[in-house]
Each structure stands twice: as structure tokens, then as C-alpha cells.
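I have placed the structure first, in the form of C-alpha cells, so that the comments after it can refer back to it.
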Amino acid sequence: MAPQFVSDLHLDPGRPAATACFLRFLAGPARDGDQLFILGDLFEAWLGDDAADDHATAVMAALRDYAASGRTVGFLRGNRDFLVGPGFAAATGATLLADEALATVAGRRALLMHGDTLCTDDAAYQRYRAVVHRPAVRRAFLALPAALRRQLARSLRSRSQAANASKPAAIMDVSPAAVDAAMDRHGVGLLIHGHTHRPAIHRPAGAGNPGTRVVLGAWHEAGSVLRFAGTEPELVALPFA
Ligand code: MN
């Protein structure tokens, strides 16, 4: 069976229904196949592998259980959990993927991304991203005591929420030019990403190289999983209750 994909779960101790849904998924439907890809923002926040709380530890244990059943988990970092590192991989058995990863999906070469790097019209976000991804900045942040990291992350999040509230909706979506460029760069006809919380299967009509772009859904009111029926992508909702 083709791999299954999730992203943007934004798991957090404050949203136990989403976490319970993901744990049910890992123990059940995720095992219909032997490959699961998590394309970023599994967690609402990740402050370093050494700062995992009880909630994160329970999620990691469930992933480890899934991987220990002989299945594979590919983890691509999102903007919320870009600090996931080798400690997380060792604890879960997941393989950490590059920001642009290639996989064979239902017989096709597919490009997997979180999606934030495709939102190139949001110049302020891209500037912020470039700074926090600098190795020196990352090292300095991870060297702080966990409590201080938590405080800093909270204030960054509320600033980002305030900034996003005043941004036009189009800026927060992917740029079509960035999508085309990424698909051309890797020579793929299928792109799977999340981040924008606008789940859809885009199949532009027309000659040339239209390509398919699947946008995964956020786990807000229900879970959202991309599965394949043969070669056909389908987004499946998982009820929280
Ligand atoms: Mn995101």
C-alpha cells in the first residue's frame, strides 16, 4: 500500500482530543500500510529534544511502537517543530527528512515539503525563518534553560499571531511560482505539503506539465490523512470523538 501522510496536527497538551485521535490512528488505520510520513508541525511547539514534556513523551512512545512494528516513519520538520533533532529520531525510530524530500508514492516520484518555504510572498516570515534556521542561532537557543526557551517561544508565537492577523490571506498561501519552481527543480509531477491549512487536491488542467499538488489538512476539528486508493490520492477525515 502507498504511504500515508499527515501534517499540521499541532499537538499540544491543551488539545487532548487531537492527541487521542493521533494515538488511535497510529494504533489502527496507520497500520493499513507500512509507511507513514509526517510533514511537519506534528507539535504546536518543539523547544528541543531535551525539553519534551509528558505529552510529547507519550506521542513519541506511540511513534516508537508504530516503528517497532516493522513500519517506517519519515519526519519532515515544520515551522513549529523545526528544532526536532536526532534525539527525537532515536526515541521514536523515525527518519528525519530534508526540507525537500523525494519519495515514491503510488508509483510516482513525489516531492514532500512542509510548505512554509513555498509561501514566498510572505517576506517577513521568510526573513524570520532564515534567522532562526541559522546554526548559530539554533545552537544558542538550545543552550538556554528549557524554561527560558518556553518563555521565548511563547512571546515569538504571540508576535507571529499578531502579525499574521494583519496579513492578507493570499500572502499566507503558497506562491504558484514557488510551487512550479520546486516541482521543476526536482522533476516531479506530484507535490505533497501542508502548512497552509487549506486541504485540497489541486490538479490544474491543461497541457504542459500540470502536476498534482496535494495540501494536507490541519487537525483542528478532526484528523486529516492522505491515503491512496490505487494511484488516486484521497484526503480522509478522522473524527475526534
Ligand atoms: Mn506550519
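The values are calculated or read from the model by the stated rules, or taken from the named source; none is laboratory data. Worth saying up front: this structure is predicted, and the values here are computed from it rather than measured. Because the Cβ atoms are built from the backbone with ideal geometry, glycine has one as well, and the counts that use them run over all protein chains shown. The area values use the complete protein model at the heavy-atom level, side chains included, leaving out ligands, DNA and RNA. Shrake-Rupley method; radii C 1.70, N 1.55, O 1.52, S 1.80 Å.
Reported count of residues in the range 164-199, each being within 14 Å of the ligand (Cβ to nearest atom) and not β-branched (Val, Ile, Thr), is 9.
Would you mind finding the one in VAL6, VAL59 that is among the hydrophobic types (A, V, I, L, M, F, W, C) and within 16 Å of the ligand (Cβ to nearest atom)? Break it down stepwise before answering.
Working: VAL59 fails: within 16 Å of the ligand (Cβ to nearest atom).
Every option except VAL6 fails the conditions.
I want to confirm something. Restricting to the range 87-132 and keeping residues that are hydroxyl-bearing (Ser, Thr, Tyr) and at pLDDT below 95, which single residue is nearest to the chain's Cα centre (by Cα)? So that I can check it myself, show each step before the final result.
Pass one, the range 87-132, residues hydroxyl-bearing (Ser, Thr, Tyr): 92, 95, 104, 117, 120, 125, 128.
Next cut, at pLDDT below 95 only: 125, 128.
Values: TYR125: 17, TYR128: 18 Å.
Applying the filter and picking the extreme gives TYR125.
For the range 134-163, filtering for residues that are within 16 Å of the ligand (Cβ to nearest atom) and surrounded by 14 or more Cβ atoms within 10 Å (Cβ to Cβ) leaves 2. If the condition is being among the hydroxyl-bearing types (Ser, Thr, Tyr) and not in a helix (DSSP H, G or I), then the range 140-170 contributes only SER166. With a requirement of 1 or more residues that are of a type in the set (Phe, Trp, Tyr) and closer than 14 Å to ILE192 by Cα, the strands (runs of 3 or more DSSP E) lying completely within the range 51-130 that satisfy it span 72-76.
Does ARG109 satisfy being surrounded by 13 or more Cβ atoms within 10 Å (Cβ to Cβ), under 23 Å from LEU96 (Cα atoms), within 16 Å of the ligand (Cβ to nearest atom) and of a type in the set (D, E, K, R)? Lay out the reasoning, then the answer.
Values: surrounded by 13 or more Cβ atoms within 10 Å (Cβ to Cβ): yes; under 23 Å from LEU96 (Cα atoms): yes; within 16 Å of the ligand (Cβ to nearest atom): no; of a type in the set (D, E, K, R): yes.
Considered against the rule, which asks whether it is surrounded by 13 or more Cβ atoms within 10 Å (Cβ to Cβ), under 23 Å from LEU96 (Cα atoms), within 16 Å of the ligand (Cβ to nearest atom) and of a type in the set (D, E, K, R), ARG109 comes out as no.
Residues in the range 1-49 that are part of a loop (DSSP other than H, G, I, E, B) and open to solvent by less than 10 Å² (accessible area, probe 1.4 Å): how many?
Qualifying residue count for the region: 10.
Just one of the listed residues (PHE228, PHE240) is of a type outside the set (Ser, Thr, Tyr), touching a residue at least 40 places away in the same chain (Cβ under 8 Å), within 30 Å of GLY48 (Cβ to Cβ) and more than 16 Å from the ligand (Cβ to nearest atom), namely PHE240.
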